[in-house]
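The values are calculated or read from the model by the stated rules, or taken from the named source; none is laboratory data. Since the model is a prediction, treat every value here as computed from it, not as a measurement. Cβ placement follows ideal geometry from the backbone for every residue including glycine, while neighbour counts extend to all protein chains displayed. For the accessible areas, the whole protein counts, side chains as well, though only heavy atoms, and no ligand, DNA or RNA atoms are used. Shrake-Rupley method; radii C 1.70, N 1.55, O 1.52, S 1.80 Å.
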Amino acid sequence: MKTSSLKPAPAQAITGQWCVGVLGLDEVGALVVDSGGLRLRTRRAASCLLEPAAGDSVACLRIAPDEVWVMAVLQREEGTANVVSCEGNNMRIAVEGGRLELAAEELDVATQRTRLATDTADVIGRQLTVVGTGIKLVGSVLSSVMDRVQHFSKHYLRTTDGIDRVAATHLECEAKQLLRLEGEHTLVNGRELIKARGAQIHFG
C-alpha cells in the first residue's frame, strides 16, 4: 500500500503596498492620508522620527485595509516646524568610536532633569547666564580669571579650614552697623601710617 506524502507549502512573506499622499486630519484629529481616490487613516511608523504634520507629502506602507503606516515625510510646506520625536520608550543616540556634533543658530533644551557625565567639558561663549533656585559646586580645585567681579547677596557665609588670603592694591571693608575682627593673635601692620578715628576709642 502506497502512502502519499504532502510537502508543506513554502512560507510566504506578508506583502505590503506602497502609496504616496498628502497628510491631513479627520474630524476627531486622527491622521489620514489622501492618496488618489482613497482616504486612509494612518499612523506614524517608529522609524519616522520627523513628526508628520497636516499638509505633508508622505510615503506610506499599507499592510491591511485598515493598517497604514507613514514611513517618511517627503515634502513639507514652508513655515511648518520640524519636530524630531519618538513615542513611548526611552531614546538614546550613540556614536561608537566617533563624535557627535549639534549645529544650530539657537539651541533650547527643556527637561525636568539633566545629567551630564564627562571626563572633560569646555564651555566657550561670549556671555553665560545661569539661573537657579539652588546652585551647588563640588570639586577639589576652583580657578577663575575675571577682569571684573560683582557679587550681591542678602547673606554671605564663608568657611575656610586653611589659609584665607586676599592680595590687592587697595582693599576696603565697610559695614553699616558693626565691623568685627577677632583672632587668637591679631596683627595690624602699617608700614608708614596707622590711623584710628572715632567718637570713642577703647583699648583693653
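Summary of values
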{"item": "Yes/no for Leu74 being assigned to a strand (DSSP E or B), over 35 Å from the mean Cα position of the chain (by Cα) and more than 30 Å from Arg115 (Cα to Cα)", "result": "no"}
{"item": "Pairs where the first residue, in segment 1-24, is over 30 Å from Cys60 (Cβ atoms) and the second is outside any loop (DSSP other than H, G, I, E, B) and modelled with pLDDT of 85 or more, C-beta under 8 Å, 6+ apart", "result": "none"}
{"item": "Among the residues listed as Val58, Val73, Val95, Val20, the single one being among the hydrophobic types (A, V, I, L, M, F, W, C), in contact with an Asp or Glu (Cβ under 8 Å, 6 or more places away or on another chain) and either within 30 Å of Val109 (Cα to Cα) or at pLDDT 95 or above (or both)", "result": "Val73"}
{"item": "Any hit, segment 141-162, residues being loosely packed, with under 10 Cβ neighbours inside 10 Å and closer than 30 Å to Val83 by Cα", "result": "no"}
{"item": "Scope segment 41-51; condition open to solvent by less than 20 Å² (accessible area, probe 1.4 Å) and more than 23 Å from the chain's Cα centre (by Cα); matching residues", "result": "Thr42, Ala45"}
{"item": "Which listed residue is without any contact (Cβ under 8 Å) to a residue 12 or more places away in the chain, hydrophobic (A, V, I, L, M, F, W, C), open to solvent by less than 70 Å² (accessible area, probe 1.4 Å) and not in a loop (DSSP other than H, G, I, E, B), from Val68, Val32", "result": "Val32"}
{"item": "Criterion (in a loop (DSSP other than H, G, I, E, B), closer than 30 Å to Leu25 by Cβ, open to solvent by less than 80 Å² (accessible area, probe 1.4 Å) and without any contact (Cβ under 8 Å) to a residue 24 or more places away in the chain) met by exactly one of Ala104, Ala121", "result": "Ala104"}
{"item": "Positions within segment 12-28 being in a loop (DSSP other than H, G, I, E, B), open to solvent by less than 90 Å² (accessible area, probe 1.4 Å) and closer than 18 Å to Val70 by Cβ, in sequence order", "result": "Gly16, Asp26"}
